[in-house]
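Worksheet: the structure to be examined is printed underneath.
The values are calculated or read from the model by the stated rules, or taken from the named source; none is laboratory data. From a predicted model like this one, the values you see are computed outputs, not experimental measurements. Note: ideal-geometry Cβ built from the backbone for every residue, glycine included; neighbour counts use all protein chains shown. Quick note on the areas: whole protein, heavy atoms, side chains included, nothing else; ligands and nucleic acids left out. Shrake-Rupley method; radii C 1.70, N 1.55, O 1.52, S 1.80 Å.
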Amino acid sequence: MNWRNIIVIGLLAFAAPLFAQEEEGAEAESPWSGNVKLGYLAVSGNTESESLNSGFEVNYIKELWEHQLRAAAIYSTESSVTTAEAYDANWKSARNLTDHDFLFGRLDWRKDRFGSITEQFSQSVGYGRRLIDKEKHTLNGEIGVGARQSDLADGTDESDTIYTGRLTYAWTISETASFGQSLLIENGSSNTFSESVTDLRARIVGGVALVVSYTVRRNSDVLPGTEKTDTRTAISLEYAF
């Protein structure tokens with residue numbers, strides 16, 4: 001049995017409880033939560049440009065299980081020429097073992113029309129721990145193993161066994177402001193992918209917030225003539241539900 005079969009079986013085991021029929025009953029708090037983000041900028045005059053960034057997140061937490069689905073997209077044009085187009089989606093299921101320890105399974109898909117690696121799909125399972133779990137500060141750490149398939153801009157493809165590490169930090173500054181920082185590393189024989197995301201949220205009214213984020217992505221091995229590092233700065237309105 002190869003790595004891919006092990007990963008798929010593991011993820012099916014993690015995801016099964018989400019789709020299992022649950023007993024009807026009144027709940028004190030809904031297990032569902034999430035948000036939708038949208039940012040848009042248009043410039044006219046000597047230069048015509050438009051940029052769009054959007055995304056959503058849906059969370060389902062029930063007893064020992066936590067499930068999360070995220071997706072995002074960016075699109076940019078200048079003088080009617082597309083200059084950036086990228087999409088991301090990921091699914092994570094986690095089962096709590098204790099108040100601090102959990103097992104997880106992840107699926108991560110990335111597509112970048114202008115990147116050296118045009119499309120990438122990774123599957124991983126592993127162990128996580130809540131290193132800090134305070135009212136205002138949380139820090140989670142994860143380590144895992146899995147598989148990754150990549151399509152390159154020159155038409156070739158690569159398949160790797162990967163080892164992953166992730167840190168996710170959140171700071172509740174006040175009732176209306178929060179700060180987040182995450183770091184992901186995927187290490188494989190053909191390439192090491194890393195991503196750092198920094199964001200600051202300020203609630204405006206109700207569930208609406210202004211979000212400023214800065215993302216740095218790096219691939220250790222790219223095709224000649226392409227950059228190893230990409231950065232994205234985004235300003236968005238977010239609606240939480």
Counted charge near K228, where neighbours are those whose Cβ lies closer than 11 Å (Asp, Glu -1; Lys, Arg +1): -1
For a label point 7 Å along the Cα-to-beta-carbon line of N187, residues of region 97-125 with backbone N under 19 Å: 122-125
Cα pair distances exceeding 15 angstrom across region 106-152, given as percent: 59
Potential lengthening between R95 and R130 on full extension [0.36 nm per residue; Cα-Cα distance subtracted]: 11.3 nm
Qualifying trypsin sites (Lys or Arg not before Pro) in region 150-241, DSSP loop, other Cβ atoms within 10 Å at most 13: K228
Stokes-Einstein D (µm²/s) once Rh is taken as the Kirkwood radius of the chain over alpha-carbon pairs, at 10 °C in 1.306 mPa s: 81
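Once you have a ≥ b ≥ c as the square roots of the Cα gyration tensor eigenvalues for region 96-209, tell me rounded if a/c is under 1.5, and otherwise prolate or oblate according to whether a/b is larger than b/c.
Note, shape of region 96-209 comes out oblate.
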Spin-label model distance (nm) - N59 vs S159, 7 Å beyond Cα toward Cβ: 3.6
Sites matching GluC sites (Glu not before Pro) across region 37-111 that sit in DSSP coil, with at most 13 neighbouring C-beta atoms within 10 Å: E48, E63
Unit charges at the beta carbon, dipole of region 94-241: most positive-side option, H137, S182, A94: H137
Residues in region 169-193 that a label on T229 would reach, taking backbone N under 20 Å of a point 7 Å out along Cα→Cβ: 181-188, 191-193
Carbon and sulfur %, accessible surface of the chain computed with the full protein complex present, 1.4 Å: 57
Solvent-accessible heavy-atom area per residue, rounded to whole Å², over the chain at 1.4 Å: 59
Value of relative contact order over the chain, rounded to a whole percent, pairs C-alpha under 8 Å and six or more apart: 13
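In debye to the nearest 20, how big a dipole does region 37-135 give about its Cα centre with +1 on each Lys and Arg Cβ and -1 on each Asp and Glu Cβ? Could you put the intermediate results ahead of the total?
Details: 12 positive and 15 negative charges, 70 e Å.
It works out to roughly 340 debye.
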Where labels lie 7 Å past Cα in the beta-carbon direction, separation of R218 and T77 in nm: 3.4
